[in-house]
Structures are given as structure tokens and as C-alpha cells.
Protein chains: 4
Amino acid sequence: MDKKTTVALLLVCPDTNGIVSNLSSFIYNNGGCIVDSDFHNDHQHGFFLGRIEWLLEGFKIKREDIKERVSELCTPYNGKWTLHFSDTPIKVAIWCSKQDHCVLDLLWRNQAKELGNAEISVILSNHPDLKSKIDNFGIPFIHIPMNKENKPEVEQKQIELMREYNIDVIVLAKYMQILSDNLVDTLNNDGRTVINIHHSFLPAFIGAKPYHQAHKRGVKIIGATAHFVTAQLDAGPIIEQDVVRISHRDTVNDLVRKGKDLEKIVLARALRLHLLHKVLTYENKTVVFE
Amino acid sequence: MDKKTTVALLLVCPDTNGIVSNLSSFIYNNGGCIVDSDFHNDHQHGFFLGRIEWLLEGFKIKREDIKERVSELCTPYNGKWTLHFSDTPIKVAIWCSKQDHCVLDLLWRNQAKELGNAEISVILSNHPDLKSKIDNFGIPFIHIPMNKENKPEVEQKQIELMREYNIDVIVLAKYMQILSDNLVDTLNNDGRTVINIHHSFLPAFIGAKPYHQAHKRGVKIIGATAHFVTAQLDAGPIIEQDVVRISHRDTVNDLVRKGKDLEKIVLARALRLHLLHKVLTYENKTVVFE
Amino acid sequence: MDKKTTVALLLVCPDTNGIVSNLSSFIYNNGGCIVDSDFHNDHQHGFFLGRIEWLLEGFKIKREDIKERVSELCTPYNGKWTLHFSDTPIKVAIWCSKQDHCVLDLLWRNQAKELGNAEISVILSNHPDLKSKIDNFGIPFIHIPMNKENKPEVEQKQIELMREYNIDVIVLAKYMQILSDNLVDTLNNDGRTVINIHHSFLPAFIGAKPYHQAHKRGVKIIGATAHFVTAQLDAGPIIEQDVVRISHRDTVNDLVRKGKDLEKIVLARALRLHLLHKVLTYENKTVVFE
Amino acid sequence: MDKKTTVALLLVCPDTNGIVSNLSSFIYNNGGCIVDSDFHNDHQHGFFLGRIEWLLEGFKIKREDIKERVSELCTPYNGKWTLHFSDTPIKVAIWCSKQDHCVLDLLWRNQAKELGNAEISVILSNHPDLKSKIDNFGIPFIHIPMNKENKPEVEQKQIELMREYNIDVIVLAKYMQILSDNLVDTLNNDGRTVINIHHSFLPAFIGAKPYHQAHKRGVKIIGATAHFVTAQLDAGPIIEQDVVRISHRDTVNDLVRKGKDLEKIVLARALRLHLLHKVLTYENKTVVFE
């Protein structure tokens, strides 16, 4: 079943009667076989959020016409909807700095086919350190040195590279630079999604050196958070979080070491869910259809 | 929204096209407002499993006719289905022995309205120890002493009491007697559900004294398991499990103490999910629509 | 072994050579049998933190002389030390408001002998709601109504009651009032320890309505934190924390419900560790010798 | 502090008075500075288990004489003891088959200096698949094809290679062959430790295809277990375990994918603890001084 092409429709809109019925009847009446469906009614805010996935094989509407027909179906609901064919590759760029654990982990998972239909097109870094390790994976590694003076130019270069590679998703895999508002806005306006891993259990320890903050505060558990990037630092919709227990015997270095395992897993889970089109955002939150 | 009466339909059947469409259209076409829906397609075994819940208010089919109309809708799918009105109380009996933590916890949760529409009708015990504590809750406590000789008579008495109180769900809250096959079969044939809490992470440490077994084996994590009771000991469909970390410093008594917290929470979660009609069973497994 | 009286010595001091040797030789040379010992060297701050527990039986120094002899032993280390006999009851007061789950849980655990040698002497509340439930346990319940105007008088009354009952440990079991700086200082100066349960994973969501904050922020995990109370709100040394996973399906009410289980367990664990003299504080953090 | 050479002494013996005093006085009286110490008294079985670590710098006994002096100190206790200098490399061999996740993870952690003073000397595999990936790390990869007929010869070859490379620790990193009793005994008699990762929460799902077993049984949580290898399959002392939650939506493939993350982390934690000399075994269990 995994190998067959599927179509996934995601819809967020004001809640009203008949949405599930209309969506599922559209598929059924056109010969479609649903393989997965998940719906959520947010009664507090009056939203419907749904995801429905069906086999392309046997569906009577031609592939090239599906988008238009779905548009006719969904437009009346005054929400936002997206449509995804599982055989369409999703172009991913990874941005990193000096730390290798997240970027190597993602490259390994991509080889292991854990990241859906991802196509990791390019790795960007503001440091040259990881070049040789990444070269083993045969993916272009572009090093753009950055300092306070050239940051605007570098960001312009980054925007252009994302356009050149036609990137869908940018993963900040321990990219230790704060993105300017202009950079975030331009990437988003270009239709690109940006996912970041923050090395704390947000909203605790926003900003720099969260493990040092956690150690000083004496918490008994540390965490990591993967979130979509919006202009406000560390405040975008959270996709996934996880935690690990620590004790007084753990130094800051131990927190960093334990945290690396968290960061890898949380980022990979979040990216996978996004690449499988299982994440919807609304009201600065996410619905994750696991 | 919580207070309004809802109707929940659960269906397990061989998978085929159009089920979601038919179920949701039935509700929509009769003016129903879906408040929650969740579907699962088990591609390995070819099963469809679904739960759909809608407001009774505004639904055009009269309450007394809904069951028949749903029967017409679902019978063709050759599966099993159940229908539940949220304002119908569910009669619960709790069976216990000497340990108080699970039964007191359930009584407390019932007062706190955490157990859906449960009506705890009677407490049975083979020991008198907990009588005074349970009397505080104003629920009948029936003590039936049991020994090797009178076990068949006691079980017959238990069957009759369940009939007398018209019990829907029996909770074995640390009831430290093994139910005979005849008892299990009769309760099930009478249409009653039996839920047990086992004090291990099943299938590890089946049978007696699991904490002693765990301590001897030197595991680093212990667990608890809530499951439906079938004739085979500790082998029924698992509803919920949870675990807690232990270390070499923990004695068997520490395991027992830590385990009690697990047992309470796991049993309460499982019972709550069942009372909210969120659990489906098939192939000796459960689907839990959380 | 559990039943025999033990002596526990806790010491925090600047680290230097020979401390473990001197402490353990003092016990050995006086015929003592160590039943538990745990030491920690904080190399970052240059502290030694230790706990050593031995049997009173067989120890050649008379019970009434032990304190003086330990003082001679420990004073040269220029730190702080405390000495505890396991058969000395620890007088506990629980302060609560309207919510019953934490206070009832502690009373139940006390009956089950899970709280070491605690003697729960009195329950204080600013609301009358829980009186009848607590009366079942035969512990005095004192209701002192509080409003903006009478807060200083009420706090003075609270201080006096704690003196009258000679309380060692005050547990804020969902006591929904902020303690004034004067109250905290006076209780601490009187030699009383105050432990609070905060319904979030501190330092996330400090202050009021943390579950509402968590729901709005869209976190995927919620937590609870037990900490010693100092004058600064929610900023005292953390004793214990735990977390539970949530999803988009959970409303604020679900967070409250799931959180209650966390709050009970985290508070009970923290109190138990404190009552067993397993918690040391320094640098606004705790060392927990589990 | 991390960089300075330390000496670690581990002792298991029948419990008696004065052990901590004698050990710590030996160090203190010879000018040693303790950096870490942890003791455990198993009252059930009457064992003392301890670990004490001190700086070599400043210790007045010459490095080459320490072992003899410690022998004089510990022999009277009639237990077993080991002595470890932190600057002595520990020679590690990794055995694997076709799956790359555990072996690559260990190689990456070794580069990141997470595995103490490990020196990964050789990788053995019964399949050639991973050669090119491992070649990137510059470690010898030896492929020895195995089938039913040549298993005894291959095992003899494995024994010889371990001798040739003078290996201290063998890590079975998803090595999908059962070791014969003779192989296990010979490796152990040669003084080598063998650590295995089993892809279940032992003792649940011993043997082959644990993820299939777990899926069929319908458990809600899966686990992984790292243990020392003894002649009896999957029954050696457990060093570390961890778990992850699953749901009815997870197929066997999902369990395998989620399990891989568990396996990597659990194996790495266990190996790290062993390489830092923090694990003691007795009574087929471990004491882990974390």
C-alpha cells in the first residue's frame, strides 16, 4: 500500500455541517478509495480541520483535473486548503552551522527512506566545518561565511539560493544565526516553509544558551521543540516536543549531550510529519494528524 | 458543548469504499452536527474501524427511531456496530480485595466527573477491609468471603448480583482472584464488559507477583496494563499501558509503591475511554480513538 | 530494616579532601552500620554535598550526645548540616483552597505509610468546601475566610497556627493564594519549610492560569513542578517535575484533568523525598538523593 | 576536570561495617582527591556495591603500585573488584549485519567523544552491505560470510580476531545471529565483555521478530533493552531500557522505524555507562551508578 500514489487533501475552515460528508462523498462518488482520514472540530474557536487521503489509482478524475475539482469543492468553505500527491518530491534545504548531529541524522534518515518523499537538494552553512562529512552523502554543501557586516548580503544570497534550488522546506538544523524579519518574510512569501529545532522545552528558556539557563534554574527535565519559524523568535507554531530527565549529577555538558539526542529525534519527527502532509496550522498552533 | 446530548456510532467491518461517505451523509442529510469523528483503515487485515459522534439536538430522526435507522445503515457492512447516547448512564460495578488505591481513586474520579456518565452501583469484595472507607462514598459495599471450597458458589452469587444491579461494566480494581472461565463467559454472554488492571507491562510478567518477578529480573522500567478480560489469563485486548523508571536502589516495596500510582492512572484512563465509547476491539487488539 | 531507627546526616560545604573519609570513619569507629550513603561533588561551584544514614542500634554514642559529636565533626567544614532521627515525627500542615485532589491524595498516602514519618497535624483552607471530605480522615480542618481586606490578618493568624501546631513542613496543596513576602519570610525564619505544587513545567508559564497559557501556546507536553517556596513567585528550588503528552484534541478542561494526575504525583514524590531527608538545597537548586 | 586522569575502583562484596570508611581513608591518607563516589547497600541479599573515583594527580602511590595496594585493601572483603585508569583506551569491536543505524550511530558518537575513552578497533559483519558507509570512518571492516554449515568455523575466526585486536568490549549492534554457547563462553573466558541490543522491552518478546510479536499482541508501548550477553538467550543482566508510545495507527514498519531510534539511544547509553566503568553486575542484575 505504501508504494501506491495517494492524494491528500488538508482543509482548515470555519466549522459547519456537512463537510465530512461532502469531502468523503466527493471521493466515493469518483471511485476513490480512502486510505486514511482524520478530522478535528475545534469547538472553542469554531474551526473544522481535516485531512483525507485516497488512492490515485481507480480515481475517476484525471490527475491534472483534481486540483480544479477540489478547488470547486473547498472554496465555499472560506478556509484554506492544500492538495498533495505522494509521488511529488518535496525539495528540502538544510541550513546548519558547526554542529553535525541534526544534519547528519536527517541525511541518514533520508537514505533510510524515513522522510517521505523528501529530496534534500542542498546544505547551506555559515561555517566550513561539516563539508567533508556531508560530501559523503553526495549533496551540494555551500559555505557562505557570515559576520555582522555582511549579514544582509548573505541573507539575500540565501534567498536567491532557495529560489535557484526551488526549495519547498528549509530545515534549520542547529543553524545558530537569528533570521532577520525580512528573511523570514521573504522565504514565507516565496511559499517556503521554515522549520527550526530549539534546544529547550519552549516556552521555557527562549533565546540563547538554553542548556545553561536550564542548568542554572535547576530543572529536573529538559526538552527540545521543533516549530515553524515566524518573525517572532522561538514563537512559531509548535510541531513536536520531547523531554528527558536529568539530575544534579548532570553538568551543562551532560545536558548538551542528552539534548542532542532529543534535538535529533524531535526535529526528525516534526519534519517527517510535515513531509507526509500531516500538520495543519491555525491560530499559531498545529494540528498533527498522527 | 460538553453538556449537550450526543449520539456515538462505532463500527468495525471489512473495509470497502464509501463507508465514511455513507455514515457522514446519513448524519448530514438528517440535520446532524458532527462533533467528533475518527476513522482507521487497517490495511493489513482489511478492516475499517470508525467512530462518529453527533449532536442529538437538531437531528431530524426521533431518538427512539435512531437505532433502527442506524441498523439499516450499518447492517450491509457485515461487521459489528454499537450506538450510544451520552445521557444514558453506564452502570459500573467495582470488584476489589484488600488494596484500596484503585477503588478509592475511581470513586474519587467519579465524584470529580472524570468518568463520563458512569453510575457506580455497587462494590464487591472478597475481604471486608475496605468497607468503612467506601461507606464514605455512599455506595453499597458487599462482602462475600471466598475460599477454595466455596469459589463456585461465590462466582454464582457474583453473576446474580451483576444481573440484579443490571451492570454494564465490571472493573477489577486489584481484585486478587482469578476468574474461572465459566464466570468470564457468563459475564460476557450477559453482555457485560470486564476490565482488569494488571500490575506489569504485559506481556512481561504474566501471572502472580509481577513486581517480585520484575525485581528479580532487574528491569530498569516497570509498567501497568489495563485490558479487557477474556478467558485466557492476562491475554485480553490491551486498552492502555504506562511505565515508570526504577533503579537498583528500589526494593520490591518501592516497586509496589511506584506501581500503585501507575495502576491507578492506567486503570482510570482505560475505564474513562471505555465509558466515553472510544475503544473498539478486533483481532484481540483495541483501537483507541483518543 | 525499614523499621529500625536510623540517623541521617546531611552536609553541604565547600569541597575539600577527606570529607567522605572523616564522615564514614566517625560512624565506623563508633560501631555504626551504614545503611545508605550518597555523595555529590559539584566541581563547577566547588561544593561537596553528602547524605549518610546509619543504624542507631549498635552505635556507641548515646542518642542524646550524637548531635554534639556531629557538630564537632562537621563545623570545621564551614557549611550547613542537619541531623535527623527516623523515629522523630515530622509535623505537616496542608494548606488548600477548593480543589481536593492534592490534599486527599496526600491524606490517602499518609494512611498508606508512603510519607515517611509524617504527622499531618492540621489542614488550613480559605474555603469551607472540603471540610466534610477531610473530616473522614479525623484531622482538624480550619477554615479562615480570606479577602483583599483581611489578608494581612489572615496571614498573621496562619503564622500563629503554624506556631501553635509546631509545624515543620507546610504543603501548599493547590492553595490558590499568593503568599506575601512577609508570610514567607516569617515561616522560614520560624524554621518551617514550605513546599508548593505549581501546575506547569516551570519556568514555562509562571503565574496564573498556566493550563490556559499552555493551551494557547499550543505546546505538545504539559508538566507540573514541586518546589520550595521562597519570596520570589514560582522561583524557589525545584524538587521534582513530571510531564504528560497532550494533543490538539485536548481542551483546556482536558489539560486540567490530565494535570491533576501530574500535580498529585509530583507533589507527593517531592514531599516524600523531603520527609525522608533526601533533598539538599544550595545555589537555589536541589540535590535529590534518590 | 574532565581532562585529568582519574582512577576508578569498583567493588562488590558481602556487606560489612567499615567498607566506605576504609576505601575513602585509603584515598585520603594517600593524598587523593575524590571526584565521584556512589555506594549501594543491597539489604535483601546482603551485598555492598561501590564505586569511587579519584584524581591520579596528587595521589602519593605511584601509578604502577596502585593495583597492588588496592588489592591488599579489597581482598579481605571476599568480593570482586576492578580498577580503571581513565586514560587507558578501551578497545571495542562492533559486530553488525545489514542494518546500519546502530553501528553508524556508535561511530558518530565516538567521533563526538561521547563514548569515554573507547577505541573502536574493528567492525565485523556477516554481510558486506555496510562496507562503504563504514569506510568513511577509517575503521577496518571485516566481512565474514556465514551460513549454517560454516558457523563453527566463523565463530572460531571471530574468537581469533578478537584476540588479534585485543578487544575489551564487543558490541552486538543489530548482529542478527545467535551466538553459540561456546562462543559466548570463550569470549567471556578471554576476559571480553559482550553487550547486545534487543529490540523489545525484555522480558517481553524474547527471541525473533519482537516488533511483529508486539504488533500482534496490540501493546501500546514498545521498548528496547541493552544487556550483557550470557549463554542464555536474551537473559543476561539488563543495563538500560527505554520505551516509546505507539498506537493502532502504527504498522509493523512504523514499529521498526520508531524502534530504531530507541535501539540507538539505549545501546549508546549502555555502552557509554560501561565504558565509563559505571556498571556493576551481581545476581544477574546491574547496578548503574549514573
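How big is the dipole moment of segment A:1-57 about its Cα centre under a simple scheme where the beta carbon of each Lys and Arg is +1, that of each Asp and Glu is -1, and everything else is neutral? Debye, nearest 20, please.
So the dipole magnitude of segment A:1-57 works out to roughly 140 debye.
Considering only B:Leu262, B:Thr230, B:His215, whose Cα is most displaced toward the positive end of the charge dipole of segment B:145-290, charges sitting on Cβ of Lys, Arg (+1) and Asp, Glu (-1)?
Ranked along the dipole, the leading option is B:His215.
For chain A, what is the accessible area per residue in Å², given a 1.4 Å probe and the full set of protein chains?
Solvent-accessible surface per residue comes out at 40 Å².
Could you let me know the centre-to-centre spacing of segment B:195-218 and segment C:1-61, using Cα atoms, in angstrom?
First find each Cα centre; the distance between them is then 36 Å.
Using modelled amide H (1.01 Å from N, peptide plane; none on Pro or chain starts), what sits under 5 Å from the amide H of B:His127, excluding residues fewer than 5 places away?
B:Ile144
What do you get for chymotrypsin sites (Phe, Trp or Tyr not before Pro) in segment A:137-199 restricted to DSSP loop and a cutoff of at most 10 other Cβ within 10 Å of the site's Cβ? Walk me through the numbers on the way to the answer.
Details: sites: A:Phe137, A:Phe141, A:Tyr165, A:Tyr175; in loops: A:Phe137, A:Tyr165, A:Tyr175.
Of the chymotrypsin sites (Phe, Trp or Tyr not before Pro), not one in the loops of segment A:137-199 has a Cβ with at most 10 other Cβ atoms within 10 Å.
Work out how far the C-alpha atoms of chain D reach from end to end along every principal axis, then list the three figures in whole Å, largest first.
60, 40, 36
Where along chain B is the Cβ that lies nearest the axis linking it to chain D, and how many Å separate them?
Spelled out, residue of B and its Cβ distance from the axis onto D: B:Ala204, 2.
Over what distance in Å are the Cα centres of segment A:112-129 and segment C:249-290 separated?
Here the answer is 41 Å between Cα centres.
Report, in debye and to the nearest 20, how large the dipole of chain C comes out about its Cα centre when Lys and Arg carry +1 and Asp and Glu carry -1 on their Cβ.
860 debye
May I ask what percent, to the nearest 5, of DSSP beta bridges between residues of segment B:90-288 are antiparallel?
Around 45 percent antiparallel, to the nearest 5.
What are the distances, in nm and sorted shortest first, from the label point of B:Lys157 to the label points of the same position in each other copy, with each label point placed 7 Å from Cα along the Cα-to-Cβ direction?
Listed shortest first, these distances are 5.1, 7.2, 8.6 nm.
With respect to the cross-link table entries B:Lys157/D:Lys220; C:Lys98/C:Lys148; B:Lys285/C:Lys220; A:Lys133/A:Lys278; B:Lys113/C:Lys157; C:Lys98/C:Lys278, which display a Cα-Cα separation exceeding 24 Å?
Pairs exceeding 24 Å: B:Lys157/D:Lys220; B:Lys285/C:Lys220; A:Lys133/A:Lys278; B:Lys113/C:Lys157; C:Lys98/C:Lys278.
Which whole-number percent gives the relative contact order of segment A:6-85, counting Cα pairs below 8 Å spaced six or more residues apart?
Computed over segment A:6-85, the figure is 47 percent.
Which of the GluC sites (Glu not before Pro) across segment B:139-182 are loop residues per DSSP, with 11 or fewer other Cβ within 10 Å?
Answer in residue order: B:Glu149.
Can you give me the solvent accessible area of D:Phe59 with a 1.4 Å probe, rounded to the nearest 10 Å²?
Rounded to the nearest 10, the figure is 20 Å².
How much accessible surface does D:Phe205 have with a 1.4 Å probe, in Å² rounded to 10?
30 Å²
Report the relative contact order of segment C:90-288, percent, no decimals, based on alpha-carbon pairs under 8 angstrom and at least 6 residues apart.
Averaging sequence separation for qualifying contacts and normalising by length gives 21 percent for segment C:90-288.
Put simply, what bits of segment D:1-35 lose 20 Å² or more of accessible area when the other protein chains are there, versus the chain on its own (1.4 Å probe)?
In segment D:1-35, residues shielded by partner chains: D:Met1, D:Asn17, D:Gly18, D:Val20, D:Ser21, D:Ser24, D:Ser25, D:Tyr28, D:Cys33, D:Ile34, D:Val35.
Looking at segment A:17-173, what % of its DSSP beta bridges pair antiparallel, to the nearest 5? Each step should come with its number before you reach the end.
Numbers: 8 of 22 bridges.
Of those bridges, close to 35 percent are antiparallel.
Just name one of A:Gln156, A:Val288, A:Ser247: the one whose Cα is farthest towards the positive end of the charge dipole of segment A:90-288 (beta-carbon charges, Lys/Arg +1, Asp/Glu -1).
Checking the options against the dipole of segment A:90-288, the answer is A:Ser247.
Using a simple charge model, +1 on the beta-carbon of Lys and Arg, -1 on the beta-carbon of Asp and Glu, nothing else, what dipole does segment D:46-148 show about its Cα centre, in debye to the nearest 20?
The dipole of segment D:46-148 has a size of about 220 debye.
Counting only C-alpha contacts under 8 Å and six or more residues apart, can you give the relative contact order of segment C:1-158 as a whole percent?
Relative contact order here is 21 percent.
Using a 1.4 angstrom probe on heavy atoms only, work out the carbon and sulfur share of the accessible area of the protein assembly as shown in %. Before the final figure, lay out each step's value.
On the way: 22940 of 46670 Å².
Accessible surface attributable to carbon and sulfur in the protein assembly as shown totals 49 percent.
As I understand it, the dipole of chain A uses +1 on the Cβ of Lys and Arg and -1 on the Cβ of Asp and Glu, about the Cα centre. Which of A:Phe137, A:Thr75, A:Ile120 lies farthest toward its positive end?
A:Phe137
To the nearest 100 Å², how much accessible surface do chains C and A cover up together, summed over both, with a 1.4 Å probe?
It comes to approximately 2900 Å² buried between C and A.
Run through the other copies and list how far each one's label point is from that of A:Ser71, in nm with one decimal, shortest first; the point sits 7 Å from Cα along Cα-Cβ.
List, nearest first: 4.9, 8.6, 8.8 nm.
Using DSSP to define loop residues, name the GluC sites (Glu not before Pro) in segment B:23-106 whose beta-carbon has at most 11 other beta-carbon atoms within 10 Å. If you can, show how the numbers build up before the last one.
Numbers: sites: B:Glu53, B:Glu57, B:Glu64, B:Glu68, B:Glu72; in loops: B:Glu57.
Answer in residue order: B:Glu57.
The values are calculated or read from the model by the stated rules, or taken from the named source; none is laboratory data. Just so it is clear, the model here is predicted, and its values are computed rather than measured. FYI the Cβ positions are ideal-geometry reconstructions off the backbone, even for glycines, and counts take in every protein chain you see. Heavy atoms of the whole protein, side chains included, go into the accessibility calculation; ligands, DNA and RNA do not. Shrake-Rupley method; radii C 1.70, N 1.55, O 1.52, S 1.80 Å.
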